[in-house]
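Trainee: Handing you a structure now.
The values are calculated or read from the model by the stated rules, or taken from the named source; none is laboratory data. If you're wondering where the values come from, they're calculated on a predicted model, not measured in any experiment. Here the Cβ positions follow ideal geometry from the backbone for every residue, glycine too, while neighbour counts run over all protein chains shown. What goes into the accessible areas is simple: the full protein's heavy atoms, side chains included, and nothing from ligands, DNA or RNA. Shrake-Rupley method; radii C 1.70, N 1.55, O 1.52, S 1.80 Å.
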Amino acid sequence: MMFSGIIPYHYAKKILIHFPIGSSYLSFNENMVALSLLSIYYHRSLTLSEVSIDLPRREFLEGVLSEAGIAESASFVKEYPWIYDSLEERELSIEEFVTYHSALYEDKKTALALTSIHAVYDQLQERGIPSMFMIQSVPTIKGGLEKAITLAELNQSKNSQVAAVCFKNIGNEQITLFAKSMQAKVTSSDSGLQLVLSNRGVLQTLILNQKLAGLFNEMTTIYGKISFGIGYGYTVKEAESHAITALEFAEKKPVERAVYLLDEEKKLTGPLFQNEERYALKNEDPLVKKLSGELKMSSKNLSRFLYFLQVHDFRPFSSHELADYFTISRRSAERMIKKLLDQQLLQVAGEEQPYEQGRPRSLYQAGSKLKGLR
């Protein structure tokens, strides 16, 4: 799907996460501002001080004026930069922008409203207020279409990848029913595990619409604690291998049902349908490789530790928190912390008093070298 701008995309993104389809939008850019200002100056002979402007970020306007060597600044600018924040839930008030432009015009402070919001333009036109919708150039639209086509081709390639699902402690009859429900094939791996083979597009759809969670819940009701591994790959062998690796992670989780997914880039996600996290089992960052060698720690564990720091926003943490995250003993967590302290990658940040009786716990925080890996 390609949206005409950031605003319709902002409203749609909460719904888009439920569909296995790519999306993009035409980006707002300085070219739109420059073309619009040129049109206003050439056709209406107005200066910046006579125009009220709304746009996502004021920097787009300031960039055009700076690069064109124009010393004059705009007097009436209203921006909405929060629209780019993926976590922002604020509603865009069309009436607020219409009122802003209308009040300036009625007070005779401006002669024209230049808006980047089409609904605002429509209402200003209805009120008889001179207004103009920002110009989207042909190159901008062409560039947006080309980006959408590239993303579509990438998604088609990904959706055709092989997907494998493997299980532990589940009867063959239930596996056959599971495969039938998703029109997939049952086979056996070299290690004797039963595998269900499908493609990534089908699995992604089942995950997003929660149908896969429902199928797994049914199996949990019948068999109790079970583990699942899902793998994506460009070949059947690769998908099988990734599914078995994902299953190994799932088996380590002390919960009733654990589902992990390992994709073609060796990025592990899980446990699915719970408080899932994502980290890479393959790391090509030369600095991470260098640090893992110095620490005698696998790149996988170092990547997980870096993800732990990022999830906690690089706040101080205790060995108890690290042990919980890695699902390891506190002693193992303390050994990991000692390695990082010895290399001056961590530093002691202070102490905290536990709620129950006992000695205070030491708190640690990332040193500058680790912070640089964010």
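Trainee: Which pairs have Cβ atoms under 7 Å, sit 6 or more apart or on different chains, and link a residue in the stretch 49-62 that is basic (Lys, Arg) to one that is not in a strand (DSSP E or B)?
Mentor: That search, which allows pairs on different chains as well, returns 57/81.
Trainee: Follow-up question, since we're still on this one. Considering each residue of the stretch 297-351, count those that are among the acidic types (Asp, Glu) and modelled with pLDDT under 85, and give that number.
Mentor: From the stretch 297-351, those among the acidic types (Asp, Glu) are 313, 321, 324, 334, 342, 351; that's our starting set.
If we keep only those that are modelled with pLDDT under 85 as well, we get 313, 321, 324, 351.
So the answer is 4.
Trainee: Next question, about the same structure. Taking residue 126, is it under 30 Å from residue 102 (Cα atoms), among the charged types (D, E, K, R) and over 30 Å from the mean Cα position of the chain (by Cα)?
Mentor: Numbers: under 30 Å from residue 102 (Cα atoms): yes; among the charged types (D, E, K, R): yes; over 30 Å from the mean Cα position of the chain (by Cα): yes.
So residue 126 fits the description; yes.
Trainee: OK, next. Among the residues of the stretch 77-96, how many are over 21 Å from residue 47 (Cα atoms) and open to solvent by less than 60 Å² (accessible area, probe 1.4 Å)? Can you show your working first?
Mentor: So in the stretch 77-96, the residues over 21 Å from residue 47 (Cα atoms) come out as 80-96.
Now narrow it down to the ones that are open to solvent by less than 60 Å² (accessible area, probe 1.4 Å): 80-83, 88, 92-94.
Result for the stretch 77-96: 8.
Trainee: Considering (1) assigned to a loop (DSSP other than H, G, I, E, B); (2) farther than 22 Å from residue 61 by Cβ; (3) open to solvent by 60 Å² or more (accessible area, probe 1.4 Å), say which one residue 109 fails and leave the rest.
Mentor: Of everything listed in (1) assigned to a loop (DSSP other than H, G, I, E, B); (2) farther than 22 Å from residue 61 by Cβ; (3) open to solvent by 60 Å² or more (accessible area, probe 1.4 Å), residue 109 misses just condition (2).
Trainee: Right, another one. Filter the stretch 182-212 down to the residues that are loosely packed, with under 14 Cβ neighbours inside 10 Å and part of a strand (DSSP E or B), then identify the one that is nearest to the chain's Cα centre (by Cα). Before you say what the answer is, go through the steps one by one.
Mentor: Looking only at the stretch 182-212, we keep the residues that are loosely packed, with under 14 Cβ neighbours inside 10 Å, and these are 183, 185, 188, 190-192, 209-211.
Within this subset, residues satisfying the condition of being part of a strand (DSSP E or B) are 185, 188.
Details: 185: 32, 188: 35 Å.
By that ranking, first place goes to 185.
Trainee: Mind listing whichever residues of the stretch 6-22 are buried (at least 16 other Cβ atoms within 10 Å of the Cβ) and in contact (Cβ under 8 Å) with a residue 24 or more places away in the chain?
Mentor: Scanning the stretch 6-22 gives 6, 7, 10, 20, 22.
Trainee: Could I ask something else about it? I'd like the residue in the stretch 129-141 that is surrounded by 14 or more Cβ atoms within 10 Å (Cβ to Cβ) and of a type in the set (Val, Ile, Thr) and, out of all such residues, is farthest from the chain's Cα centre (by Cα).
Mentor: My answer is 129.
Trainee: Which one of these is outside any strand (DSSP E or B), open to solvent by less than 60 Å² (accessible area, probe 1.4 Å), of a type outside the set (D, E, K, R) and modelled with pLDDT of 85 or more: 157, 102? Explain how you work it out, then say what you get.
Mentor: Numbers: 157 fails: modelled with pLDDT of 85 or more.
Answer to the check: 102.
Trainee: Moving on to the next point. Within the stretch 219-238, identify whether any single residue is among the small types (Gly, Ala, Ser), assigned to a loop (DSSP other than H, G, I, E, B), at pLDDT 80 or above and open to solvent by less than 40 Å² (accessible area, probe 1.4 Å), and answer yes or no. Lay out the reasoning, then the answer.
Mentor: Filtering the stretch 219-238 down to residues among the small types (Gly, Ala, Ser) leaves 224, 227, 229, 231, 233.
Narrowing the set further to residues that are assigned to a loop (DSSP other than H, G, I, E, B) leaves 224.
From what's left, at pLDDT 80 or above: none.
No, the conditions are met nowhere in the stretch 219-238.
Trainee: Can you give me the number of residues within the stretch 123-140 that are over 21 Å from residue 43 (Cα atoms) and not in a loop (DSSP other than H, G, I, E, B)?
Mentor: Residues of the stretch 123-140 over 21 Å from residue 43 (Cα atoms): 123, 126-127, 139-140.
With the extra rule that they be not in a loop (DSSP other than H, G, I, E, B), the set shrinks to 123, 126, 139-140.
So the count comes out to 4.
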